[in-house]
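Input: a single structure, listed below in structure tokens.
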Amino acid sequence: MRILVTGGAGFIGSALVRRLINHTDHEVLVFDKLTYAGVLSSLEPVASSNRYSFVQADICDADAVSRVLRDFQPDVIAHLAAESHVDRSIDGPGAFIQTNMVGTFVMLNQALGYWRGLAGDKKASFRFHHISTDEVFGSLGEDGFFTETTPYDPRSPYSASKAGSDHLVRAWGHTYGLPVLVTNCSNNYGPYHFPEKLIPLIIIRALNGEPLPVYGDGSNVRDWLFVDDHACALQAVFEKGKPGETYNVGGNAEKKNIEVVAAICAILDRLRPKTNGKYADQITYVTDRPGHDHRYAIDASKIRSDLDWTPSVTFEQGIEQTVTWFLENQAWWQDILDARYSTQRLGVANG
């Protein structure tokens with residue numbers, strides 16, 4: 001198939017592209033604006049493939065979207081382009097509304113026109129796959145799981161913008177018949193993770209001898225999903241999923257934030273011990289994130305039963321691989337720190 005991946009230079013997008021080039025015969029076109037979080041070096045492992053191509057453009061640019069659809073003639077649009085960091089959405093929500101909602105609207109409108117112009121098997125097999133987050137469901141208590149029918153209850157500008165984009169996608173499916181798919185995933189982690197997110201942030205700050213900030217008392221819970229497992233799930237959905245359906249994708253790996261930080265410190269103590277003390281000595285509790293959701297947890301039984309997908313990497317295996325990758329690839333993340341992000345605190349809701 002020919003697969004157009006929006007946001008393909010981002011963390012999850014680049015993992016999907018690497019998987020498709022390395023493990024399938026699909027052709028892939030990456031469509032990415034290359035904002036601060038778009039990192040072309042994440043695609044270097046597959047950039048020499050004759051089945052890979054790249055276009056730098058904005059999903060809010062209808063002409064650019066129309067042109068790439070006409071020229072590339074995709075069978076699948078895997079729509080990952082999004083502003084994704086909750087803390088940044090607290091500081092500057094406007095970009096999240098523009099990219100996540102207006103951009104998704106533009107993609108849907110252009111995809112609809114393109115799809116209506118197809119015929120026969122190509123029209124019947126086309127899919128618009130929208131990749132979203134479990135944060136649209138709000139916050140769980142100590143028990144229970146998010147399912148595909150959990151009511152939406154977004155709490156941050158980021159999650160509200162993603163909830164809005166989910167609703168747009170389903171509306172284009174119901175109203176216009178566009179063959180859409182939606183996936184909502186739990187927290188991803190793994191190689192090539194942009195340093196603003198918790199796991200890479202802690203690894204990098206630990207190595208640099210800096211304080212390791214933990215929000216509140218560290219008791220907030222996330223369900224962690226190794227990014228390569230997520231890429232496998234996305235492939236299963238757009239290859240075998242039923243149009244109009246939603247699939248939740250989770251790692252079945254609930255951890256408190258403080259447990260994640262402690263696990264990273266323990267691995268670093270073993271792989272790169274300090275001359276004095278332990279990495280956990282750098283842990284510092286800081287004022288909690290405004291409106292911080294307490295717990296996320298995914299029930300992924302539907303994608304398991306319908307599409308035969310299940311995570312293959314445990315959290316213990318995945319976090320070991322991730323720490324090792326960051327130790328062995330300092331040049332990748334150091335370039336980012338030098339050029340665009342210095343691990344400073346974001347999202348303090350100053351208005």
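Bear in mind that the values in this text are calculations on the coordinates, not laboratory data. Note that this is a predicted model, so its numbers are computed, not measured. No Cβ is skipped: glycine too gets one built from the backbone with ideal geometry, and neighbour counts run over all protein chains shown.
Under the convention that each Lys and Arg Cβ holds +1 and each Asp and Glu Cβ holds -1, the size of the dipole of the chain around its Cα centre is about 500 debye. Contact order, relative form, for the chain: 19 percent (alpha carbon pairs under 8 Å, 6 or more residues apart, mean separation divided by residue count). Taken about its Cα centre, segment 57-169 carries a charge dipole of roughly 620 debye when the Cβ of each Lys and Arg holds +1 and the Cβ of each Asp and Glu holds -1.
When the C-alpha to C-alpha distance is required to be over 21 Å, the pairs from K197/K256; K240/K302; K33/K162; K197/K255; K197/K274; K122/K162 that qualify are K197/K274; K122/K162.
Could you give me D for the chain, from Stokes-Einstein at 37 °C and 0.692 mPa s, where the hydrodynamic radius is the Kirkwood radius over C-alpha pairs? Units µm² s⁻¹, please.
Numbers: Rh = 20.6 Å.
D, rounded to a whole number, is 159 µm²/s.
Among residues other than F226 whose Cβ falls under 15 Å from its Cβ, what is the net charge (Lys/Arg +1, Asp/Glu -1)? Walk me through the intermediate numbers first.
Details: positive: R18, R19, K197, R222, K255; negative: D223, D228, D229, E254, E316, E320.
Result for the local shell: -1.
Against the chain, whose longest principal axis is taken from its Cα atoms, helix 330-339 shows a tilt of about 80°.
Would you mind finding the longest exposed-site-free stretch of the chain, with exposed trypsin sites (Lys or Arg not before Pro) meaning DSSP loop and at most 15 other Cβ atoms within 10 Å?
Values: sites that count: R51, K274, K278, R340, R345.
Counting at most 15 other Cβ atoms within 10 Å as exposed, the longest clean stretch of the chain is 52-273.
Over segment 5-83, what per residue volume does the convex hull of the Cα atoms give, in whole Å³? Show your work: numbers first, answer last.
On the way: hull volume 6.3 nm³, N = 79.
It comes to 80 Å³ per residue, whole-number rounded.
So what is the calculated 222 nm ellipticity per residue for the chain, using -39500 (n - 2.57) for each DSSP H run with n of 4 or more, over all residues, to the nearest 500 deg cm²/dmol?
On the way: 13 runs with 144 residues, N = 351.
When only DSSP H runs of four or more count, the value is -12500 deg cm²/dmol.
Loop-located GluC sites (Glu not before Pro) in segment 140-232 (DSSP state not H, G, I, E or B) with no more than 14 neighbouring Cβ atoms inside 10 Å: E142. Considering only alpha-carbon pairs that sit under 8 angstrom and 6 or more positions apart, the relative contact order computed for segment 107-182 is 39 percent. So what's the gap between the Cα centers of segment 240-304 and segment 1-22, to the nearest angstrom? Distance between centres, Cα-based: 23 Å.
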